[in-house]
Amino acid sequence: MDPATGQTAATTAPDPGARPAGFSLLSVVLPCYRLAARVEDNLARCAASLRAQGIPFELVPVDDGSGDGTDAALARAAAALAAQGAAVRPVVLPQNGGKGAALVAGFRACRGSHVLLLDGDLELSPDRAGDFLRRMARTGADAVIGSKMHPDSRVDYPWRRRVASRVYYGLVKLLVGLPVHDTQTGMKLFSRAALGHAFDRMVTKRFAFDLEVLAILRDAGMRVEEAPIELDYTGKAGSLTLKNVRDVLVDTAAIFYRTRILGYYRSLDPRPMPDPAPLVTAVVACPGAGAVLRECVAALGRQRETYPALEAVVLPDAPTGEAWPDWVREIPTGKVLPSDKRNAGIREARGAVVAFLDDDARPLPGWLEAAVPRFSDPAVGAVGGPAVTPPEDPFAAKMSGRVYENPLVSAGARRRYVPTAVRDEDDLPSCNLLVRADLLREIGGFNSENWPGEDTVLCLEIVHRRGRRMVYDPAAAVAHHRRPLFGPHLRQVSRYARHRGYFAKKFPETSRRFAYFVPSLLLVGTIATPLGLAASCITVAPTATAAVRLSVDALSILGCTGLAVLALYLALVIAFSFSTRLRAWAWTAAGIVATHYAYGWNFLRGLFARSLPDGVKPFDHRD
């Protein structure tokens, strides 16, 4: 019901004057997943409702990788509605990325001054769109969100969903402090500026997406109003599963951490894209053809849809035989080190910015839109971002990612694996690193004598010797396939550790840091502890000298202290490995311990080596 008239919005006389400031067109973005049987009728119903309300509109349905014919149904609906004068602009995603990713893709494709996010199943009536616009106009709000708890809402809602909503509201109020009662209802109206501000800062793409949008707007001081809805939830009570609850709670905890602990959203300062946007050359070093390389190039192709000024240089050992698109140049290099391949890519690059990727890394949506504007500051020489674990990786690879992401393993370098806050850095990996082309040529590219730590040396040169800034932007993210736990993961960790130990002597500016020494101290302590405990069992003869007695006592104290430290360490490992899945919990805990000891031993090997370990080995891509 419209509170002012007592009529439903669809039968209220159109009032084109009751529109927010700057209104010209309403873009309705509808995420659709496996709706092939219903989506044509739903879009026709939505168009009829908006037309009856006198609202200028376009429909932007997004097929979130359904694979059931939803894309074909959207094409038919677009043609049918176009014949009636309605604008329908379908977006089809190649794979399922979650509701958040679908909404972001729809927003990027839409053209309206205001954007209504509406679930494609139309469990929420579009008849309320006019009421949402009037509320925005009356209150001056930046967003109006539907609320099941609004006293004027008309909902057919199962009791257990009501209980879950109340409990979740209390949790959100406690952790995030949002001044709204319902964050999850799938009908929300935004000004384009407000939604663009939120999407430029998004991290969550799946379960707590709605909460994160509202948290970002709150942190920016924007106003959010609630509005009543009409909800028919018939037949959907079964969607509340333990897995869904767990996933939402995990994402909610992450948003709490970002907003309350990190101050993440306030740290972001997205800059406008330069006009014209500079050409970017993506340099992909690889041993040869394969599924991961094709996936990487396909992701670059999707990036070109939003950032056309992008070319790629692919550098395999030998010709791949792939039929690449015309914006991709393949340059076989022979069997050389990755650093030599990247230097060949620098020589071939036509772009003002060179973006280094591993072939098993694919850029995520918004990668260049986040990174390139950073170069508008002439002091910025390089930009990097996180390399997150892809959700489709097999279990053992996901566990490797969990180990890398764990604070006990990566400490301050954790930002390489999970998005944190924007900050200046002096050491970022070359699997996701963008550098000014002229600066690269001035430096001379990568120093191949330092493989596999050539990216560390390049970053040191940029920041400490050339005095340029290197910015970490969490939105400039890639998905990076992990090596499975345990064998391949530990071999990779061992290589990292050997070169870091050697660099602690050679490049102390970035490698002689206490955190890098901690695993070696753990290893030494673990070896010393049983020796000390053994000493405590020794009976010292009455005739022993004071020095001997003192030595035995010291070893005994060392053994007892070491045992206590190891017990505390194992307790921390168990706590920080926590997962609701017992198998994942056990694998992560074992992976953390194995990683620490492998790193500690190999760091010492590098520290005492006379020359750089691994420096002459061939391209080792899979181990």
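Looking at segment 14-48 only, could you name the residues that are of a type in the set (S, T, N, Q) and either over 13 Å from L81 (Cα atoms) or touching a strand residue (DSSP E or B) at 6+ places or on another chain (Cβ under 6 Å) (or both)? Hits for segment 14-48 are S24, S27. Going by the structure shown, is V115 touching a residue at least 40 places away in the same chain (Cβ under 8 Å) and either part of a strand (DSSP E or B) or not assigned by TED's automatic domain parsing to the domain that holds R34 (or both)? So V115 passes the test. Every condition in (1) assigned to a helix (DSSP H, G or I); (2) in contact (Cβ under 8 Å) with a residue 12 or more places away in the chain is met by A79 except one, and the failing one is (2).
When each of A285, A312 is tested for being under 18 Å from F446 (Cβ atoms), at pLDDT 90 or above, in contact with a helix residue (DSSP H, G or I) (Cβ under 8 Å, 6 or more places away or on another chain) and among the small types (G, A, S), the lone residue that passes is A285.
Going by the structure shown, is R466 basic (K, R) and either more than 29 Å from A312 (Cα to Cα) or modelled with pLDDT of 95 or more (or both)?
no
Of the strands (runs of 3 or more DSSP E) contained entirely in segment 184-261, not one carries at least 1 residues that are surrounded by 20 or more Cβ atoms within 10 Å (Cβ to Cβ), modelled with pLDDT of 75 or more and at positive phi.
Here's a check for you: in segment 118-144, which residue that is under 23 Å from A44 (Cα atoms) and assigned to a strand (DSSP E or B) is modelled with the lowest pLDDT? So, considering only residues that are under 23 Å from A44 (Cα atoms) and assigned to a strand (DSSP E or B), the one modelled with the lowest pLDDT is L124. Among residues of segment 399-428 that are in contact (Cβ under 8 Å) with a residue 24 or more places away in the chain and part of a strand (DSSP E or B), those with a beta-carbon under 8 Å from a residue that is among the hydroxyl-bearing types (S, T, Y) and surrounded by fewer than 19 Cβ atoms within 10 Å (Cβ to Cβ) at least six positions away or on a different chain give the pairs R423/S267.
Within segment 16-51, if we keep just the residues that are of a type in the set (S, T, Y) and surrounded by 17 or more Cβ atoms within 10 Å (Cβ to Cβ), the residue that is farthest from G112 (Cα to Cα) turns out to be Y33.
Here's the yes/no breakdown for (1) surrounded by 22 or more Cβ atoms within 10 Å (Cβ to Cβ); (2) within 23 Å of T389 (Cα to Cα); (3) of a type in the set (S, T, N, Q); (4) not assigned by TED's automatic domain parsing to the domain that holds T389:
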| position | (1), (2), (3), (4) |
| --- | --- |
| V471 | yes, yes, no, no |
| A476 | yes, yes, no, no |
| G487 | no, yes, no, yes |
| Q492 | no, yes, yes, yes |
| P508 | no, no, no, yes |
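Filtered by the rule that a residue be farther than 21 Å from P508 by Cβ, modelled with pLDDT of 90 or more and out of contact with any strand residue (DSSP E or B) (no Cβ under 6 Å at 6 or more places or on another chain), segment 421-439 gives a lone residue, D438. Of all residue pairs spaced 6 or more apart or on separate chains, those with beta-carbon atoms under 6 Å, a first member in segment 453-471 that is farther than 10 Å from H499 by Cβ and a second member that is among the hydroxyl-bearing types (S, T, Y) and part of a helix (DSSP H, G or I) are L460/T510.
Here is a list: T389, T456. Which entry is in contact with a strand residue (DSSP E or B) (Cβ under 9 Å, 6 or more places away or on another chain), crowded, with 20+ Cβ neighbours inside 10 Å and hydroxyl-bearing (S, T, Y)? Selected residue: T389, the only one of T389, T456 that is in contact with a strand residue (DSSP E or B) (Cβ under 9 Å, 6 or more places away or on another chain), crowded, with 20+ Cβ neighbours inside 10 Å and hydroxyl-bearing (S, T, Y).
Yes/no per residue for (1) crowded, with 23+ Cβ neighbours inside 10 Å; (2) more than 25 Å from A475 (Cα to Cα):
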| site | (1), (2) |
| --- | --- |
| F107 | no, no |
| D119 | no, yes |
| D142 | no, no |
| I145 | yes, yes |
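Of everything listed in (1) surrounded by fewer than 19 Cβ atoms within 10 Å (Cβ to Cβ); (2) of a type in the set (K, R); (3) out of contact with any Pro (no Cβ under 9 Å at 6 or more places or on another chain), the single unmet condition for R402 is (1). Note on segment 326-340: among residues that are at pLDDT below 95 and touching a strand residue (DSSP E or B) at 6+ places or on another chain (Cβ under 7 Å), the one that is surrounded by the fewest Cβ atoms within 10 Å (Cβ to Cβ) is T333.
Here is a yes/no grid of residues against (1) of a type in the set (G, A, S); (2) over 26 Å from the mean Cα position of the chain (by Cα):
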site: R329; (1), (2): no, yes
site: R342; (1), (2): no, no
site: V354; (1), (2): no, no
site: D358; (1), (2): no, no
site: A361; (1), (2): yes, no
site: P365; (1), (2): no, no
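Residues of segment 368-383 that are in contact with a strand residue (DSSP E or B) (Cβ under 9 Å, 6 or more places away or on another chain) and outside any helix (DSSP H, G or I): D377, A379, V380, G381, A382, V383. Go through the residues of segment 343-351 one by one and say whether even a single one is of a type outside the set (K, R) and either surrounded by fewer than 18 Cβ atoms within 10 Å (Cβ to Cβ) or touching a Pro at 6+ places or on another chain (Cβ under 8 Å) (or both). Looking through segment 343-351, at least one residue is of a type outside the set (K, R) and either surrounded by fewer than 18 Cβ atoms within 10 Å (Cβ to Cβ) or touching a Pro at 6+ places or on another chain (Cβ under 8 Å) (or both). Among the strands (runs of 3 or more DSSP E) confined to segment 321-367, the ones with at least 1 residues that are more than 18 Å from R302 (Cα to Cα) and of a type in the set (A, V, I, L, M) are located at 353-358. If you check T561, T543, T539 for being at pLDDT 80 or above and polar (S, T, N, Q), only one passes: T561. Can we say A282 is crowded, with 18+ Cβ neighbours inside 10 Å, closer than 22 Å to R436 by Cα and small (G, A, S)? The answer is yes for A282. Residues that are in contact with a Phe, Trp or Tyr (Cβ under 7 Å, 6 or more places away or on another chain) and not aromatic (F, W, Y) were ranked within segment 402-420; the one that is modelled with the lowest pLDDT is T420. Restricting attention to segment 56-76 and to residues that are of a type in the set (A, V, I, L, M) and surrounded by fewer than 23 Cβ atoms within 10 Å (Cβ to Cβ), the residue that is farthest from R108 (Cα to Cα) turns out to be A72.
Looking at A44, is it assigned to a helix (DSSP H, G or I), hydrophobic (A, V, I, L, M, F, W, C), outside the structural domain of A477 (by TED's automatic domain parsing) and in contact with a Lys or Arg (Cβ under 8 Å, 6 or more places away or on another chain)? Walk me through it before giving the result.
Working: assigned to a helix (DSSP H, G or I): yes; hydrophobic (A, V, I, L, M, F, W, C): yes; outside the structural domain of A477 (by TED's automatic domain parsing): yes; in contact with a Lys or Arg (Cβ under 8 Å, 6 or more places away or on another chain): no.
In short, no.
Selection over segment 556-575 of residues that are surrounded by 12 or more Cβ atoms within 10 Å (Cβ to Cβ) and of a type in the set (G, A, S) gives a count of 3. Here A318 fits the description: surrounded by fewer than 22 Cβ atoms within 10 Å (Cβ to Cβ), of a type in the set (A, V, I, L, M) and either assigned by TED's automatic domain parsing to the domain that holds A101 or not in a helix (DSSP H, G or I) (or both).
The values are calculated or read from the model by the stated rules, or taken from the named source; none is laboratory data. Since we're looking at a predicted model, the values are computed, not measured. Note: ideal-geometry Cβ built from the backbone for every residue, glycine included; neighbour counts use all protein chains shown.
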